[in-house]
Each structure stands twice: as structure tokens, then as C-alpha cells.
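Engineer: Dumping the structure here so I can ask a few things about it.
The values are calculated or read from the model by the stated rules, or taken from the named source; none is laboratory data. Note that the coordinates shown come from a computational prediction; the quantities given were computed from them, not determined experimentally. With ideal geometry, Cβ positions are generated from the backbone for all residues, glycine too; neighbour counts draw on all protein chains shown. Note: areas computed on protein heavy atoms with side chains; ligands, DNA, RNA excluded. Shrake-Rupley method; radii C 1.70, N 1.55, O 1.52, S 1.80 Å.
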Amino acid sequence: MTLWDIKVKQIAQIHSLSSMLSSAVSQRLDEMGFNPGQNVICLRRSPLKGPVVVQIGDSVYSLEQNVANKIQLA
Amino acid sequence: MKKIILVGKPNCGKSLLFNQLTGLRQKVANFPGVTVELKSGQFKQFEVVDFPGTYSLQTLSRDEEIAISKLHESLLDDDTALMVCVLDATRLERSLVFGLQVQQLAKKHNKAVVFVLNMIDEVQRYGLKIDTDGLQQALGSPVFALSAKALVGLAEFQQALPELADNPQQHIPDISEETTQLNVLQQAKTLGQTYGINVDVMLKKQNRIDNFLLNNVFGGLAFLFIMFFLFQSVFTWANPLMDGVEALVGELAAVVTSFTGEGIVTDFLNDAIFGGVGAFITFVPQIMVLTLIIGLLEDSGYLARAALICHKPLSYFGLSGRSFIPYLSGHACAIPAIMAARTIESPRKRLITMMTIPLMSCSARLPVYALLIAVLIPEDHTVLGIFNLQGVTFFGLYLFGILMALVVSIVMKHALPQQDDKSDMPFILELPTYRLPHWKPLSQRVLNSGKQFIKRAAPVIFVVSVVIWFLGYFPQGGGLQNSWLGTIGHVIEPVFAPLGLDWRYGVAILMSFAAREVFVGALGTMLGIDGADENIGGLAAQIQADGLALGAGIGLLLFYVVALQCVATVAVLRAETGKSRIAWGLFALYGVLAYFIAMTTYQIIG
Ligand SMILES: Nc1nc2c(ncn2[C@@H]2O[C@H](COP(=O)(O)OP(=O)(O)OP(=O)(O)O)[C@@H](O)[C@H]2O)c(=O)[nH]1
Ligand SMILES: [Mg+2]
């Protein structure tokens, strides 16, 4: 399962970042808190496959499909 | 001069702190990526530099690239006395990721570092506390808890700053070799857990507002309503103010000309000064209302949400949700908007955004719109019984610009060479906490917008009005048609005939390549010379009396929506894209497009 498959209000754990991501993006996600073992909460989904909104640690981010589906959940 | 530099994560309050220290008015707003360029100011005997916000030393977007390359330069610069790392106290862990990276780098280069724990007022509002001393110990650098907004702890910081910057050697981070080897993420996490606050209350409140504004059904409607409200109010709210200014200018003209009596001097004052420059001053309230509403939106935290809502729809046109923010500010002025596009991580989407920003109806077009709408659209008509037809037309012009931008974007999307998935950066956007807009920077910004508008355009309008008046007034006695200006005008007349416009409009259009607002001044001056009765009040009434066909008028409006009549915009496009081919190509493209749209409109409506 990836972060793109998460449902509203669902809590999940980050497993890993896909190697499909460029190293720059991957590192940025890491620095934003998308680290293995970290909890994420899905705050909302947008219509028409718009970006997903998640809370991770103390911050709230929105991510579009082609990056959310490269974040593996445990 | 010794330098103090302000760095930190986006939206942590660097620019507001900078403003408090220097007394300058850098733009402050509640979304990540407001500052996209370095800005210097003076605090006591020091030069203070505000940096664009960055999440990390590893950059994704152009504004971050600028910040980091300048940061490396500052580290090597002997003048750099102190690096102030601004942290968001409500997001300690995230702020520390970049903060610690900077601290380690500073240590390597023997530079002094202090941390500012900003937004401490928000921490206190939730009845929470941060152990500043403990944090200071753990970090090995001084920490100042303060609020750049509520002014808590600011005076202490200002007092301590000179001492810190004068003795940098004593404030080089006190961290051991082993610490610098440690993983920054791990360290930030530990510190965040030990000293950070529990943000659940804050996020819960934010989430409640989002439940409303980002609701699947209602969110879209709210978005459309806010946009409609924005453009409608530029018209409705500003109108009474504009009438007031217009009456004032009329009064002033009457008083002044009562002293000068009959003759050339009075003619000059009436036509060129009050008719030309005065007609333009009338529009200042509109610019201020527009700035106020955009400012309210920007400082509330809603814009990041709007970007999120727009992301999917905009991506069909080759744009990003982040394009929304420069598009919106493009309605005030294209120049900062084109620079703001630096925050769009995908180079391709950034390029398309920059190329289409000139189609947003900037405030320089407002005078032209307002004047022609007053001429063409009856004042007392309403649509659906509630919306004033003039206001709806206003909205329609804004909408037309946006639609044109989307059309051009989709063409570009297919015309520009494709990039592979990897090099095209994805959309990742942090949603900031909602905040009540801060009145001080906002009111300064509103006043400043009016001042800038006058300062930028008034000299040009003055010169153009005076030149036109001289060319149009002499040789005396023959009237405008037989003046020197008339002689020149008749040469260019055939170009504008297909648009249903006579040479006077042609001259005004050509002159407005100096600045769009000149159109109003130039036309005001010419009609002033032409008009039998020297009745200053209402340029619109004069044009009505003079006669302007509906089709020609609407065509003229659409011409102004599309044409890129702004040298400064061309220059910024050239600088930001790095290609003058693109800048001048757009200039030509939008010019030709505008001409054909105007012609077609005139041919259809007549
Ligand atoms: N409550 C509170 N709000 C603050 C404080 N400092 C700044 N803000 C608000 O935080 C938002 C961001 O402030 P800016 O000064 O634009 O932040 P910045 O760090 O320059 O942001 P970028 O230029 O995007 O990197 C604005 O809405 C400010 O009004 C503070 O101490 N307390
Ligand atoms: Mg800033």
C-alpha cells in the first residue's frame, strides 16, 4: 500500500520511499518528516484525484498522486 | 558594513522580523515562498539581509537555489558577522532540520550563529511553554524566544544583537566534532520531542476550518465565491471613493483656474493637468481596494488551500497548483508575480506560468477598464436583479484574461518539449496555520500600493499629457484635427480603422506602450482640447458625447486585456527566462492576438 491509497482519517506508518523518486525529492521528503516508522494521518482527499492532505509530525502537507504513490506504507 | 543574515524555513517569520529590525516593508504573507530574492536593510551599524525560506541545503526550486547559493557566498564572506537562524516555535522539529544544517555549516566556516524562536505568542496563546535555556544548552548557540508580530521579546533581541555581531568569535556554535557527524534528522527529532510543543490543539483548529474550506463540495463553491467577491469588490467598494476623488479633482481645477483666468494657461491646466493627470489619479482607490483584498487572502493562510484546490484542474493546462499564487498576485502587477513563479519546482510549469502571467489584468489596466465600462455600460442595469452590470462586465474582463492564459498554457503544454517524469518536480506544498491578517504590514502595503501607482505612472502621464497637449494645441485656432498631432494621427489612422477607432484612440493606444494608464491621460488631454465646453467632470461623459461604437469599445477593452504593453514586464520575462527571444516573442504574439481579437469583436458587434 502507498500513501496514495490511504483513506481519510486513517493512520499509517511510513515504510520506505520508492527508488523511482529522484534523489532530490526523496531527500526533501525525508527532511519533511517522511521517515521510515513515522506515523502519518490522512486529513483529506480531494475530488478528481487531486492532492492528498496528510499530517506528519507537526506539519500538514499536500502531495499529488505521482509522489504520494511512491511513498510505501507499512 | 558588517552583515547579519536571516535564514530559516519558509513561512517562519523572517521577513516580518527583518521589517521590525530595519523599518523596511518587505512583503509578509502567510504561505511558504513569499520572499524569492535577497533583500538588504540597515539595523544600527549593521546590514541585515532577509533570505528566501528554504527547507534544506538541498534545493528543489529556483528561490531555494538562490537562497542556498547566496548562503554559501555569505559563509565565505569576511563581512558576514552573524547568522540568525529563525525557527518556528510551533514547528520546532521541522525548523530545526534546516537550522541544524546551517549551524553545522557555520561551525565549519567559523561563523557565529544565534537561533530565534519566533511565533512564541502562538505558543503562549495555547498556554504552553518552551524551555529556552534547555534548548540553548542543547543547541550550543544562543536562543532568543520572541514574537515578531506581538513584539514579545523583540526589544531584548534588538538590544543583544549588536553585542553578538560585534563579537562573532564568541558565538561560533559550541558543538563537538561528533555532533557534526550526527544525522541532522535524528537530532532535530530528539530536540523537537524534548523541547517542542504538542501541536494537536493548533492543528485541530486548523483542521476544523479546512473541513469547511476544503470540503469536497463546498470547498469549490467557496473558492469561486471568494474569487468573484474579490473582483466584484474592486468595482463596488472603490466606486464611492473614486467619485470622491473625481469631485476633489474637479473642485481643485475650478479653484486653480479661477485664478488663471481665460487663455492659454487655463487651457493647458484644464486639458493637460486636470484632464490628463487628474483623470488618472481618480483610479488610485481601486488599486488600494484590490491590494487590500489580495493582502487579506495572502495573510490568512487561504492561498495555500486555493493552490491545493486548483492543482488538479490547472495540471490539465500544463500548470501547477502553485501557479495560482503568482496568477493571483499578477492581478496587482505582473512583475513581482513573474518573480514569484520561482517557487514552482517544475521548470516547465514555471516557464508556462511566467509566460501567461501578463494576461492577468494588472492594476495598470484598471483605469482603462473603469473608464471604458463607464462609457459603454449603463450604470443602473443589473444582472439577476442583484449584480450590477458594470461590475459583472469588470468580472468578465478578468475572466477573459484568465481564460486566455489557460488557452495559451494548453498550447504551450503541447508545443514545449516534454520532460521525463523524474526531472519534472512534483507538487508538494505545506499548508500553514490559519492566522488573522496582521493589520500593520497590510495597511502599509495598501497605502504603498497607491503611492507606488502614482509614483510610477504619474511622471510618464504628466510628460505624455504635456507633449500631447503641445502637439494638439498648436498651431492655434485650427482645432485638434488640424494640429501637429492631428497631422501625425491621420498617418496612423488606417491601422486602427479596422478596429472602429479613430486616430485619437490610435495615438492613445500607442502612447500607452509607455504605461497602460497613459491611455486615460492621453485621451483626456485630446478630448479636452477638442471639447467645446471646458467641463472637467467626467471623462466618460465626454467620450459618450463624442461617440464610441459599442463594438469598437468592447474590442478596445479586450485589446487591453491581451496586449503586453509594458516594457518592465518584458524586461523581467527576459531576466527570469534567460531568453530575450521568449520575452519579445510574447510581446509580439500578445500584440497581434490583441489586434485580431479587437478587430473581430468590432466586425461582429459593430
Ligand atoms: N503569530 C505570529 N505570527 C507571525 C510571527 N512572525 C510572523 N508571523 C506571521 O507568519 C507569516 C509568515 O511571515 P513572513 O515574515 O512572511 O515569513 P518568511 O519566513 O519571510 O516566509 P518566506 O519568505 O516564505 O520564507 C505571516 O502571516 C506573519 O504575519 C509571530 O511572531 N507570531
Ligand atoms: Mg519572507
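Engineer: Out of the residues in segment B:118-134 that are outside any helix (DSSP H, G or I) and either farther than 18 Å from B:Arg94 by Cβ or more than 15 Å from ligand 1 (Cβ to nearest atom) (or both), state the one that is most open to solvent (accessible area, probe 1.4 Å).
Structural biologist: B:Lys129
Engineer: I've got another one for you. Of all residues in segment B:311-341, which are at the interface with chain A (Cβ under 9 Å from one of its Cβ atoms) and within 15 Å of B:Gly219 (Cβ to Cβ)?
Structural biologist: Hits for segment B:311-341 are B:His311, B:Lys312, B:Pro313, B:Gly321.
Engineer: Given segment B:1-101, what strands (runs of 3 or more DSSP E) lie entirely inside it while holding 3 or more residues that are more than 8 Å from ligand 1 (Cβ to nearest atom) and within 29 Å of B:Ile335 (Cβ to Cβ)?
Structural biologist: B:3-8, B:39-43, B:46-50
Engineer: Within segment B:49-74, restricting attention to residues that are under 30 Å from B:Ile130 (Cα atoms) and more than 16 Å from ligand 2 (Cβ to nearest atom), which residue is most open to solvent (accessible area, probe 1.4 Å)?
Structural biologist: Of the residues in segment B:49-74, the ones under 30 Å from B:Ile130 (Cα atoms) are B:49-58, B:64, B:67-68, B:71.
Adding the requirement that they be more than 16 Å from ligand 2 (Cβ to nearest atom) leaves B:56-58.
Details: B:Ser56: 0, B:Leu57: 51, B:Gln58: 67 Å².
Per the stated criteria, the residue is B:Gln58.
Engineer: If we only count strands (runs of 3 or more DSSP E) wholly inside segment A:24-74, which ones have 1 or more residues that are more than 7 Å from chain B (Cβ to nearest Cβ) and over 19 Å from B:Leu431 (Cβ atoms)?
Structural biologist: A:71-73
Engineer: Kindly establish whether B:Val446 is out of contact with any His (no Cβ under 7 Å at 6 or more places or on another chain), assigned to a helix (DSSP H, G or I) and open to solvent by 40 Å² or more (accessible area, probe 1.4 Å).
Structural biologist: Answer is no for this residue.
Engineer: Let me ask something else about it. Only one of these is within 10 Å of ligand 1 (Cβ to nearest atom) and out of contact with any Cys (no Cβ under 7 Å at 6 or more places or on another chain): B:Ala138, B:Ala160, B:Ala150. Name it. So that I can check it myself, show each step before the final result.
Structural biologist: Numbers: B:Ala138 fails: within 10 Å of ligand 1 (Cβ to nearest atom); B:Ala160 fails: within 10 Å of ligand 1 (Cβ to nearest atom).
Exactly one of B:Ala138, B:Ala160, B:Ala150 is within 10 Å of ligand 1 (Cβ to nearest atom) and out of contact with any Cys (no Cβ under 7 Å at 6 or more places or on another chain), namely B:Ala150.
Engineer: Of everything in segment B:1-42 that's over 22 Å from the mean Cα position of the chain (by Cα) and open to solvent by 10 Å² or more (accessible area, probe 1.4 Å), which residue is nearest to ligand 2 (Cβ to nearest atom)?
Structural biologist: Once the filter is applied, the top-ranked residue is B:Leu21.
Engineer: On the given criteria, is B:Ala540 closer than 23 Å to B:Leu376 by Cβ and free of Cβ contacts under 8 Å to residues at least 40 places away in the same chain?
Structural biologist: Numbers: closer than 23 Å to B:Leu376 by Cβ: yes; free of Cβ contacts under 8 Å to residues at least 40 places away in the same chain: no.
When the stated conditions are applied, B:Ala540 does not pass them.
Engineer: Taking the criterion of being touching a residue at least 60 places away in the same chain (Cβ under 8 Å), open to solvent by 30 Å² or more (accessible area, probe 1.4 Å) and over 20 Å from the mean Cα position of the chain (by Cα), would at least one residue in segment B:356-378 satisfy it?
Structural biologist: Within segment B:356-378, one or more residues are touching a residue at least 60 places away in the same chain (Cβ under 8 Å), open to solvent by 30 Å² or more (accessible area, probe 1.4 Å) and over 20 Å from the mean Cα position of the chain (by Cα).
Here's the yes/no breakdown for (1) modelled with pLDDT under 85; (2) closer than 26 Å to B:Leu308 by Cβ:
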position	(1), (2)
B:His381	yes, no
B:Gln390	no, no
B:Ser409	no, yes
B:Ala415	no, no
